[in-house]
1. Does Tyr218 satisfy being modelled with pLDDT of 95 or more and open to solvent by 10 Å² or more (accessible area, probe 1.4 Å)?
2. What do you reckon, is Ser98 open to solvent by less than 20 Å² (accessible area, probe 1.4 Å), of a type in the set (Ser, Thr, Tyr), at pLDDT 95 or above and outside any helix (DSSP H, G or I)?
3. Quick test for you: out of Asn324, Asn315, pick the one residue that is open to solvent by 60 Å² or more (accessible area, probe 1.4 Å) and touching a Ser or Thr at 6+ places or on another chain (Cβ under 8 Å).
4. In region 257-375, which strands (runs of 3 or more DSSP E) lie fully inside it and hold 1 or more residues that are over 30 Å from Ala402 (Cβ atoms) and among the hydrophobic types (A, V, I, L, M, F, W, C)?
5. Being touching a residue at least 60 places away in the same chain (Cβ under 8 Å) and either aromatic (Phe, Trp, Tyr) or open to solvent by 40 Å² or more (accessible area, probe 1.4 Å) (or both) is the filter here; which residues of region 404-427 pass it?
6. I'd like to verify a number: residues in region 159-173 that are over 20 Å from Gln215 (Cα atoms) and out of contact with any Leu (no Cβ under 9 Å at 6 or more places or on another chain), how many?
7. Testing Gly236 on (1) out of contact with any helix residue (DSSP H, G or I) (no Cβ under 9 Å at 6 or more places or on another chain); (2) in a loop (DSSP other than H, G, I, E, B), one condition comes back false. Which one is that?
8. Taking Ile435 as the residue in question, decide whether it is closer than 24 Å to Tyr251 by Cβ, buried (at least 20 other Cβ atoms within 10 Å of the Cβ) and either of a type in the set (A, V, I, L, M) or at pLDDT 95 or above (or both).
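The values are calculated or read from the model by the stated rules, or taken from the named source; none is laboratory data. What you see is a predicted model, and the numbers here were worked out from it, not measured in a lab. We place every Cβ from the backbone using ideal geometry, glycine too, and count neighbours over all the protein chains shown. With ligands, DNA and RNA removed, areas are computed over all heavy atoms of the protein, side chains included. Shrake-Rupley method; radii C 1.70, N 1.55, O 1.52, S 1.80 Å.
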Amino acid sequence: MYAKNIWLDADAAKKEKIHEFGEAYKSFLSYGKTERLVVEEAIEMAEKAGFKPLSEFKELKKGDKVYVTNKGKNFLAAVIGEKSLEEGSRILGAHIDSPRLDIKQNPLYEKGGFAYFETHYYGGIKKYQYTTIPLALHGVVYKKDGTCIKISIGEDPNDPVLGITDLLIHLSAAQMEKPLAKAIEGENLDLTVGNIPQDGEGKHAVKHAVMKLLQDKYGFEEEDFLSSELVAVPAGPARDYGLDASMIAGYGHDDRVCAFTSFQAVLDQGQCEYTTIAVLVDKEEVGSIGATGAQSAWFENVIAEMLALEGKDSNLAVRHAMSNAKMLSSDVSGAVDPLYSSVNEPHNSCYFGKGIVFNKYTGARGKSGCNDAMPEFLAFVRNAMDSNNIHYQTSEIGKVDAGGGGTIAYILGNYNMYVLDAGVPVLSMHSPMEIVSKADVYETYLAYKAFLKA
C-alpha cells in the first residue's frame, strides 16, 4: 500500500490552509521551548476558545468546555459529549517534553578564566550535536519564601546566547578517532556563561561576576539553584525549511507537533457524541515517570472528577470510563531519510508528504515495551480516515533489530482502552533541529478531528 502525496493531491485552497496552519504551529513551537511554556500557551489558547477551568463547574453537561492543569507541566482540555463519560470518550494524548540539557543543582564553577554551568542531558541525544550551537536558558528558580523567578535568556535577538565549545579541527586528531558516542562526553557538556572577572574577587572572579549579574537582574542567590528547574535548549524560532518552504525546522517537534495538532483538534470540536479529550503529559523522554508523567495517577484522577460532576462518583464508573475510551497516542514517527535509508524496511516505513503515521506497535528487540494495537481498533480508525479522505500511512521504527523506541501508548493500554500510536513523520528526530512537512502537520490535524468525531 502506498499513500498518495498530499501536495500532488491538494488543490490551491488546501495548499493555502497547509501554509496557514504551519504559521500557527511555528509560533506555538517557537515559544513553547519547555513543558511549562507549552502549558502557558495551552491555557491562553483554551481560554480564547471558550474553555474554562474544571474547578469552576458544579456539574458537567453536554457542550461544556473545560481544562485542567497539573503542577504547571500537564494540561487537559475536554469538550463534554452527549453520552456519559462512563460510556467512553475519544482521547488524543501527546507529550510536551523534549530532549535537552538540564542545569545541575550546583552548576556554577570557574575554570581557566571562564565561568560554566554544569549540565545533565535529558532524554536520548547525540551529544556532539549540542556543541557549537547557540543555546537559550529557560526555566524557573524558587526561593525559600516560595517566590518564583522565571528565566528566559537567549530568545530575544538582543539577548546573549550560551553554548558549549568544541576542540578545533587542527588539534582534534585523537578526538576524531573516537566513536561518535564517545567523542563528546556527557560530563563535558558544560555551558560557557561568562569571561569577565569581577574586581577584588581573586581566584573565582569570573564566577562571582556571573553570580552578581544574576543577583542584580533576577534577584536570586547561588544557593537558590538548589530549588531551580533550568534547561538549555536550542535558541531561536522555528523556521521554514527548504527553498519551497514546504517544511518546518525547529527544536521540539518531538512531540510538540502532535501536542499542537491534538490540542487544536479538540479546541475546534463542536457538538460531539462522545466526550473529546486532549491530554498533554511530561517525562515521556525518560520513561513517563513521576507526578507529571503518563504513569502518574493525575489523568485518572481528572476522569474521576469529571465523572463526579456528572453525578457518577464511584470507582467502578472510573474503571468503565477508562476501559471504554478510544485513544490515539499522538506521537511522532521517524521518517525515511533518503541519505540514511539503510536502517528502514521500505514497505513498513513512513515518508514525508504522505500524511499521518499509524504505528501498530513500537518497542525494540521483539516489540519489547510496545502497545501493539488491536486489529479491530485499527479497522475503526481506518474507517474514520477513509470516510474523511485523510491521507495516512503505516510504519515501524526502522528495520527489525535496527533499534527502536516507545511512547505513552502502553501506559493507557494498561487501563484496557483501545490505543494506537498516530502522529507526524519527522527527520533528524531528537536533534537540536528536527524537520517536519507542513503537509503532514496539517493532515495530522485533520486526522485527529476525524477520529474525535468517529
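1. Working: modelled with pLDDT of 95 or more: no; open to solvent by 10 Å² or more (accessible area, probe 1.4 Å): yes.
For Tyr218, the condition - modelled with pLDDT of 95 or more and open to solvent by 10 Å² or more (accessible area, probe 1.4 Å) - is not met.
2. Details: open to solvent by less than 20 Å² (accessible area, probe 1.4 Å): yes; of a type in the set (Ser, Thr, Tyr): yes; at pLDDT 95 or above: yes; outside any helix (DSSP H, G or I): yes.
When the stated conditions are applied, Ser98 passes them.
3. Numbers: Asn315 fails: touching a Ser or Thr at 6+ places or on another chain (Cβ under 8 Å).
Within the list Asn324, Asn315, the selection yields Asn324.
4. Numbers: elements: 275-281, 326-330, 356-359.
Here the list reads 275-281.
5. Tyr415, Asn416, Tyr418
6. 9
7. Unmet condition: (1).
8. Details: closer than 24 Å to Tyr251 by Cβ: yes; buried (at least 20 other Cβ atoms within 10 Å of the Cβ): yes; either of a type in the set (A, V, I, L, M) or at pLDDT 95 or above (or both): yes.
Considered against the rule, which asks whether it is closer than 24 Å to Tyr251 by Cβ, buried (at least 20 other Cβ atoms within 10 Å of the Cβ) and either of a type in the set (A, V, I, L, M) or at pLDDT 95 or above (or both), Ile435 comes out as yes.
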